[in-house]
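*Asks:* Encoded as structure tokens, here's the structure I'll be asking about.
The values are calculated or read from the model by the stated rules, or taken from the named source; none is laboratory data. Computed from a predicted structure; not experimentally measured. When we count neighbours, we look across all protein chains shown, and the Cβ atoms used for this are built from the backbone with ideal geometry, even at glycine.
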Amino acid sequence: MTPFRFDDLRQHSDLLRVRSGAQVSVRFVEPSDAGGLQDYFRSLTVRSRYNRFLGATNALPPSLLQDFIRVGEADRFSVVVTMAVNGHETIVGEARYALDFDGDLASIEFGMSIDDRWQRHGIGTALLKNLECRAASLGAELVFGDTLRTNDAMITPARRSGYAFSATPGDWKLVRFRKHIQVEPQDIPCASGRLAASRGVQPPLAA
């Protein structure tokens, strides 16, 4: 069970400066984002959609779209990365993550994507760092995900961000990337982390 209330989703929003110099916002998905999120996935190339969902799809099925916009339900969360494009807030990336427990170890499993037109701007690397902080705010000590071995758009930023790679159990087409979170309590770089600290939830200590 998470330590947060989600009646004010915007208090968990973060503004990030990416490598290209652009400023992006990372915030929880809201019900009003349903149409924009669907348009975002439809705008991805066939390859990027295949990489994200590990199979062919043209759009999110209605049931999965509803799951995306139900933040915190069953300890599952969705965020969007937005930026101003021609004066309008535009979704340029997204991630979905879930909190899980294996004995005493709390971990976050996640998947993410970046709009093809905005890849190689540092947005993926910035989003990974933000997700690590959000995971720490939930008490997780490990973050991981699985992706296709050919998905360079995910593997490259993960490798740059210090993730270790191994075979995904039971599926030779996939590779697992994982990273133990190292966040000092006095250095909480995201809004969710600061909210957790204010509620007495300490992120994992750096080794």
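*Asks:* Is at least one residue of region 33-46 crowded, with 16+ Cβ neighbours inside 10 Å and hydroxyl-bearing (S, T, Y)?
*Replies:* yes
*Asks:* Could you grab me the full set of residues in region 99-150 that are more than 17 Å from L54 (Cα to Cα) and small (G, A, S)?
*Replies:* Of everything in region 99-150, those that are more than 17 Å from L54 (Cα to Cα) and small (G, A, S) turn out to be G103, A106, S107, G122, G124, A126, A135, A136, S137, G139, A140.
*Asks:* Scan region 35-49 for residues that are over 16 Å from Q66 (Cα atoms) and either of a type outside the set (D, E, K, R) or not in a helix (DSSP H, G or I) (or both) and jot them down.
*Replies:* Matches in region 35-49: S43, L44, T45, V46, S48.
*Asks:* Turning to a different aspect of this structure: With the condition kept exactly as written, say whether any residue in region 97-114 is in contact (Cβ under 8 Å) with a residue 40 or more places away in the chain and more than 14 Å from the chain's Cα centre (by Cα).
*Replies:* no
*Asks:* V71 - would you say it is closer than 15 Å to S192 by Cα, at pLDDT 95 or above, crowded, with 16+ Cβ neighbours inside 10 Å and touching a Phe, Trp or Tyr at 6+ places or on another chain (Cβ under 8 Å)?
*Replies:* Values: closer than 15 Å to S192 by Cα: yes; at pLDDT 95 or above: no; crowded, with 16+ Cβ neighbours inside 10 Å: yes; touching a Phe, Trp or Tyr at 6+ places or on another chain (Cβ under 8 Å): yes.
So V71 fails the test.
*Asks:* Something else: Which residues, counting only those in region 96-108, are touching a Ser or Thr at 6+ places or on another chain (Cβ under 7 Å) and either within 15 Å of D33 (Cα to Cα) or aromatic (F, W, Y) (or both)?
*Replies:* The one that is touching a Ser or Thr at 6+ places or on another chain (Cβ under 7 Å) and either within 15 Å of D33 (Cα to Cα) or aromatic (F, W, Y) (or both): R96.
*Asks:* Where residues in region 11-22 are part of a loop (DSSP other than H, G, I, E, B) and out of contact with any strand residue (DSSP E or B) (no Cβ under 7 Å at 6 or more places or on another chain), which of them is nearest to T125 (Cα to Cα)? Break it down into steps so the answer makes sense when it comes.
*Replies:* First pass over region 11-22, keeping only residues part of a loop (DSSP other than H, G, I, E, B): 13, 18-22.
Going one step further and asking which of them are out of contact with any strand residue (DSSP E or B) (no Cβ under 7 Å at 6 or more places or on another chain), we end up with 19-21.
Working: R19: 9, S20: 12, G21: 13 Å.
Only one residue fits best here, namely R19.
*Asks:* In region 37-70, what count of residues is obtained for those that are charged (D, E, K, R) and farther than 22 Å from T150 by Cα?
*Replies:* 3
*Asks:* Would it be correct to say that L60 is touching a residue at least 40 places away in the same chain (Cβ under 8 Å) and either part of a helix (DSSP H, G or I) or of a type outside the set (F, W, Y) (or both)?
*Replies:* Values: touching a residue at least 40 places away in the same chain (Cβ under 8 Å): no; either part of a helix (DSSP H, G or I) or of a type outside the set (F, W, Y) (or both): yes.
Here the answer is no, as L60 does not meet what is asked.
*Asks:* Now, a different point. Among the residues of region 68-80, are any touching a helix residue (DSSP H, G or I) at 6+ places or on another chain (Cβ under 7 Å), in contact (Cβ under 8 Å) with a residue 60 or more places away in the chain and not in a helix (DSSP H, G or I)?
*Replies:* yes
*Asks:* Could you tell me how many of the residues in region 23-34 are in a loop (DSSP other than H, G, I, E, B) and either among the hydroxyl-bearing types (S, T, Y) or under 23 Å from D146 (Cα atoms) (or both)? Let's see the steps before the verdict.
*Replies:* Taking region 23-34 as the starting set, the residues that turn out to be in a loop (DSSP other than H, G, I, E, B) are 29-30.
Going one step further and asking which of them are either among the hydroxyl-bearing types (S, T, Y) or under 23 Å from D146 (Cα atoms) (or both), we end up with 29.
Going through region 23-34 one residue at a time, the tally reaches 1.
*Asks:* Then there's this: Could you go through region 141-148 and let me know if any residue there is assigned to a loop (DSSP other than H, G, I, E, B), surrounded by 14 or more Cβ atoms within 10 Å (Cβ to Cβ), without any contact (Cβ under 8 Å) to a residue 24 or more places away in the chain and among the charged types (D, E, K, R). First the steps, then the outcome.
*Replies:* Of region 141-148, the ones assigned to a loop (DSSP other than H, G, I, E, B) are 141.
Cutting the leftovers down to surrounded by 14 or more Cβ atoms within 10 Å (Cβ to Cβ) gives us 141.
Keeping just the survivors that are without any contact (Cβ under 8 Å) to a residue 24 or more places away in the chain gives none.
No, there is no match, as no residue in region 141-148 is assigned to a loop (DSSP other than H, G, I, E, B), surrounded by 14 or more Cβ atoms within 10 Å (Cβ to Cβ), without any contact (Cβ under 8 Å) to a residue 24 or more places away in the chain and among the charged types (D, E, K, R).
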